[in-house]
Amino acid sequence: MTAATAAAPPLAGTAVRAAGDAPPLRVAVSRLRALGCAVEEEPGGTAPPGLAGRLRLEGRGAGCDIAWSEPGAGLEDERAVQAACGLAHLHGRARGGPRFLPVDYASVCAGVLASQAVAAAALALDRGGPALRASVSVAGAALLAVAPYAAAEAAARRKSAPGPGPGTGTVPGQPPPFRSADGVRFEVETLDADAWLRFWEALGAPREAIAAGWAPFQRRFATAECPLPAALFAVTAALPFADTARTARACGVGAVPLRPPEEVRERAPESPWRLGPTGPAGALPPVPPPGRGPLAGLRVVEATNRVQGPLAGLLLTLLGADTVRVEPPGGDPMRGVPPLAGGLSARFAALNHGKGAVEHDLGTAAGRRAAAALAAGAHVFLYNWPPGRAERFGLGADGLAARAPGLVHVHADGWAGEEPAPGTPATDFPVQAHGGVAHLLADGAGPAPSLVTLTDVLGGLLAAEAALAGLLLRSRAGTGARARTALVDAARLLRAAGRGTAHLPRTGTPAAADPVAAAAAFPAAFTTVHGVALPRAPWTFAPAGGGSGR
């Protein structure tokens with residue numbers, strides 16, 4: 001195997017025929033071309049009736065249909081999907097009423113899911129499995145994005161599982177961004193209550209406003225609202241941004257200006273997944289009897305937290321992989337975050353159901369050895385630690401090379417070296433601000449990040465796509481792989497898609513459903529556990545000759 005062969009895109013030489021010209025199809029085609037596919041578009045750009053697009057592997061029978069929604073739902077565009085599936089409700093919650101995302105967010109997510117389906121079908125063929133035809137919908141992608149909110153809110157409404165839900169902020173107020181005396185709009189971020197206190201005290205904010213603001217600020221990832229006291233906005237409005245940014249750095253807080261897309265100068269990586277070969281690898285195991293998904297027979301070990309990493313692991317699990325989480329002694333703290341359902345955080349369950357878990361203390365040599373042995377026995381090792389931590393634990397690609405040269409390492413990162421300042425937290429809202437997404441979402445109130453975790457969810461989809469790319473590289477080039485995706489990649493993909501039309505007024509759009517109502521309206525997309533809806537696989541797979549399966 002030559003170096004050139006190892007560096008080739010994993011689907012080089014694969015031909016795909018595409019029919020359609022809707023946004024999700026265009027996104028899927030761009031992702032498949034990055035994987036190395038030669039994509040030939042059907043003349044006229046017309047999708048088959050009822051579909052937003054169709055993809056077929058030439059001569060193999062496998063492929064993916066992209067629909068707007070399940071049959072009979074009557075959804076035929078992005079705006080209708082955002083309304084019916086809860087996105088418009090969530091995006092507008094912080095500002096008092098439904099608001100449509102001015103980007104084709106559900107369509108972009110569906111396009112990535114479709115490219116994943118084609119990649120997974122190609123991998124199944126490589127492993128001796130049947131030709132699989134998949135289907136995915138734009139509505140299914142939207143429901144996947146709102147699933148953690150739907151699960152938490154359903155659990156919060158049940159008397160047996162009290163806990164914070166939407167609308168429970170204890171103070172009146174408005175959401176970020178903040179505005180400085182010299183007109184700079186900016187986000188702040190910290191996950192540390194002490195840093196929050198130091199920062200606002202240093203700026204001269206009243207102690208009662210600092211205390212009242214912490215809970216809604218901390219919960220905004222889970223509630224899609226953030227009512228902060230007016231006194232905090234008054235403090236920042238009286239200071240130049242440079243002074244606030246200097247104080248933030250001294251206190252360990254991120255202060256990130258909102259940048260318009262035209263000012264974002266980040267260069268796209270050569271590979272969307274920063275994919276590269278590692279050591280020589282043997283063949284992947286064959287696909288077991290059908291019915292368990294195209295990744296059946298493969299093992300994933302993940303060390304992740306919050307949203308992006310767990311969602312990536314969930315997608316691989318829903319594709320059929322056997323996934324095991326590495327958690328600290330006592331388990332992931334997110335397991336106990338209310339509201340609970342069946343003794344487990346409903347939001348955690350929405351992102352992690354179907355996975356196994358083991359506890360290892362990576363602060364000890366014994367814990368690191370145990371984790372290394374577990375990862376070395378897997379096909380994919382997925383983590384979203386800050387850069388350098390895997391290497392310090394001896395769990396990076398070089399540290400595991402001797403024991404597991406064929407392992408696919410996937411780092412679900414945040415900034416990927418594109419942070420606005422050293423130490424800036426790599427979380428969703430600062431990435432939306434710095435990556436131009438906030439300006440894409442601008443409406444009459446001006447630019448502002450959505451309090452829906454847009455880049456976290458899309459970033460999770462990209463990390464799962466990276467795992468499939470790495471597995472294809474191993475299958476076709478006989479080498480292990482390392483990949484690194486980041487939240488900034490999700491922002492880049494949204495910038496590339498640009499503003500859509502969903503936000504423009506029109507008649508005939510369904511009323512905006514809240515996440516719980518959306519889950520109830522699409523029961524096929526969810527499974528009910530302990531009274532709450534948890535997401536099913538967003539794809540369906542069936543043998544090309546007939547039958548069905550997930």
Worksheet item: Out of the residues in the range 504-520 that are over 14 Å from residue 151 (Cα atoms) and among the hydrophobic types (A, V, I, L, M, F, W, C), which is modelled with the lowest pLDDT?
Response: 504
Response to the item:
Every listed condition ((1) on the phi < 0 side of the Ramachandran plot; (2) touching a residue at least 24 places away in the same chain (Cβ under 8 Å); (3) not aromatic (Phe, Trp, Tyr)) holds for residue 444 save (2)
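Restricting to the range 470-514, give me the number of residues that are in a loop (DSSP other than H, G, I, E, B), among the hydroxyl-bearing types (Ser, Thr, Tyr) and closer than 25 Å to residue 456 by Cβ.
Initially, the range 470-514 is screened for residues in a loop (DSSP other than H, G, I, E, B), giving 478, 498, 500-514.
Restricting the remaining residues to those that are among the hydroxyl-bearing types (Ser, Thr, Tyr) gives 501, 507, 509.
Narrowing further to those that are closer than 25 Å to residue 456 by Cβ: 501.
Going through the range 470-514 one residue at a time, the tally reaches 1.
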Discussion item. I need the full set of residues from the range 325-347 which are closer than 17 Å to residue 302 by Cα, within 22 Å of the chain's Cα centre (by Cα) and open to solvent by less than 20 Å² (accessible area, probe 1.4 Å), in order please.
Written reply: 325, 326, 327, 332
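From the list 310, 294, 277, which one is assigned to a loop (DSSP other than H, G, I, E, B) and not polar (S, T, N, Q)? Step through it out loud before you land on a result.
Values: 310 fails: assigned to a loop (DSSP other than H, G, I, E, B); 277 fails: assigned to a loop (DSSP other than H, G, I, E, B).
Among 310, 294, 277, only 294 is assigned to a loop (DSSP other than H, G, I, E, B) and not polar (S, T, N, Q).
For the range 216-227, state whether one or more residues are more than 31 Å from the chain's Cα centre (by Cα) and open to solvent by 30 Å² or more (accessible area, probe 1.4 Å). Spell out how you get there, then give the answer.
The first filter runs over the range 216-227 and keeps only residues more than 31 Å from the chain's Cα centre (by Cα), leaving none.
No, because not a single residue in the range 216-227 is more than 31 Å from the chain's Cα centre (by Cα) and open to solvent by 30 Å² or more (accessible area, probe 1.4 Å).
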Discussion item. So for the range 47-57 (the condition being closer than 17 Å to residue 133 by Cα, outside any helix (DSSP H, G or I) and charged (D, E, K, R)), does at least one residue qualify?
Written reply: yes
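For residue 124, indicate whether it is open to solvent by less than 10 Å² (accessible area, probe 1.4 Å), part of a helix (DSSP H, G or I), touching a Leu at 6+ places or on another chain (Cβ under 6 Å) and over 30 Å from residue 337 (Cα atoms). Before you say what the answer is, go through the steps one by one.
Values: open to solvent by less than 10 Å² (accessible area, probe 1.4 Å): yes; part of a helix (DSSP H, G or I): yes; touching a Leu at 6+ places or on another chain (Cβ under 6 Å): yes; over 30 Å from residue 337 (Cα atoms): yes.
Yes.
Are any residues in the range 515-550 closer than 30 Å to residue 342 by Cα, in a loop (DSSP other than H, G, I, E, B) and open to solvent by less than 40 Å² (accessible area, probe 1.4 Å), and if so, which ones? If you could, list the steps in order and put the result at the bottom.
So in the range 515-550, the residues closer than 30 Å to residue 342 by Cα come out as 515-540, 549-550.
Now drop any that are not in a loop (DSSP other than H, G, I, E, B), which leaves 522, 530-531, 536-538, 550.
Matches in the range 515-550: 522, 537, 538.
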Worksheet item: Going by the conditions given, is residue 133 open to solvent by 10 Å² or more (accessible area, probe 1.4 Å), part of a strand (DSSP E or B) and at negative phi?
Response: yes
Worksheet entry | Sole residue being under 22 Å from residue 275 (Cβ atoms), open to solvent by 30 Å² or more (accessible area, probe 1.4 Å), at pLDDT 95 or above and in contact with a Pro (Cβ under 8 Å, 6 or more places away or on another chain), chosen from 34, 12 | 34
Worksheet entry | Selection within the range 252-281 - open to solvent by 30 Å² or more (accessible area, probe 1.4 Å) and over 18 Å from residue 498 (Cβ atoms) | 252, 257, 267, 269, 270, 274, 275, 277, 278, 280
Worksheet entry | Odd one out for residue 59 among (1) touching a helix residue (DSSP H, G or I) at 6+ places or on another chain (Cβ under 8 Å); (2) at pLDDT below 95 | (1)
Practice prompt. State whether one or more residues within the range 439-446 are acidic (Asp, Glu) and modelled with pLDDT of 95 or more.
Written response: no
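The values are calculated or read from the model by the stated rules, or taken from the named source; none is laboratory data. Everything quoted here is computed from the prediction, not taken from an experiment. Methodologically, a virtual Cβ is constructed for each residue, glycine included, from the backbone with ideal geometry; neighbour enumeration extends over all protein chains shown. The accessibility values were calculated without ligands, DNA or RNA, using every heavy atom of the protein model including side chains. Shrake-Rupley method; radii C 1.70, N 1.55, O 1.52, S 1.80 Å.
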